[in-house]
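Notes follow once the structure below has been shown.
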Amino acid sequence: MANDKYELLLDQTIEVQGHKLFRIRALRDFGSVKAGEEGGFIESENNLSTEDDAWVYGNARVSDNAWVYDSARVSGNAWVYGDAWVYGDAWVYGNARVYGDARVSGNARVYGGDEKLNANT
């Protein structure tokens, strides 16, 4: 199935620890996101579901094998990477970092300045 939810903006990229990330733009309305709205940065379509209301906002980043799906949100300057998953109604925001094999789910909130959630520690 083709991705009719968002597109990668090939002319808006950042490099993070050797990974090229692309800003995303919504192609249709879903959840609280409107068609044409620009989001945060992902490395590939393998980082953000194309089938539900999950979204990456602002300057947030999702890379490596990290996966955001269901109705989850990643926003602010948050960064989800490694093999981390954010799903359900979870929200990662602020300057939070979620990485390793971490799982953030349900109604969980991870936020703040230098908070990090790493399942490997």
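The values are calculated or read from the model by the stated rules, or taken from the named source; none is laboratory data. Computed from a prediction, not measured in an experiment: that's the story for all the values here. A quick note on method: Cβ atoms are made from the backbone with ideal geometry, for glycine too, and the neighbour counts reach across all protein chains shown. With ligands, DNA and RNA removed, areas are computed over all heavy atoms of the protein, side chains included. Shrake-Rupley method; radii C 1.70, N 1.55, O 1.52, S 1.80 Å.
Quick notes on this structure:
- Dipole check for the chain: with +1 at the C-beta of Lys and Arg, -1 at the C-beta of Asp and Glu, and the Cα centre as origin, the magnitude is about 280 Debye.
- As a size descriptor, the averaged projected area of the C-alpha convex hull of region 32-93 was calculated at 3.6 nm².
- Per residue accessible area in Å² of region 8-105, where ligands, DNA and RNA are left out and the probe is 1.4 Å: 44 Å²
- Across region 99-109, computed HN-Hα scalar couplings (Karplus, 6.51 cos²θ - 1.76 cosθ + 1.60, θ = phi - 60°) run 7, x, 9, 4, 10, 10, 8, x, 9, 5, 10 Hz from first to last residue, x flagging Gly and Pro.
- DSSP bridge pairs, the chain: antiparallel proportion in percent, nearest 5: 40 percent
- With the charge dipole of the chain set up from +1 on Lys and Arg Cβ and -1 on Asp and Glu Cβ about the Cα centre, the Cα lying farthest toward the positive end among the listed residues 87, 12, 111 is that of 111.
- P(r) histogram, all alpha-carbon pairs of the chain included - 10 Å bins from 0, percent: 16, 52, 29, 3
- For the options 24, 42, 14, a Gaussian network treatment of the chain with springs between C-alpha atoms closer than 10 Å singles out 14 as fluctuating the most.
- Solvent-accessible area of residue 67 with every protein chain in place, 1.4 Å probe, in Å² to the nearest 10: 70 Å²
- Contact order relative to length of region 1-54, as percent, for alpha carbon pairs under 8 angstrom and 6 or more apart: 32 percent
- Peptides 80-86, 15-21, 44-50, ordered by how many other C-beta atoms sit within 10 Å of their residues on average, highest first, read 80-86, 44-50, 15-21.
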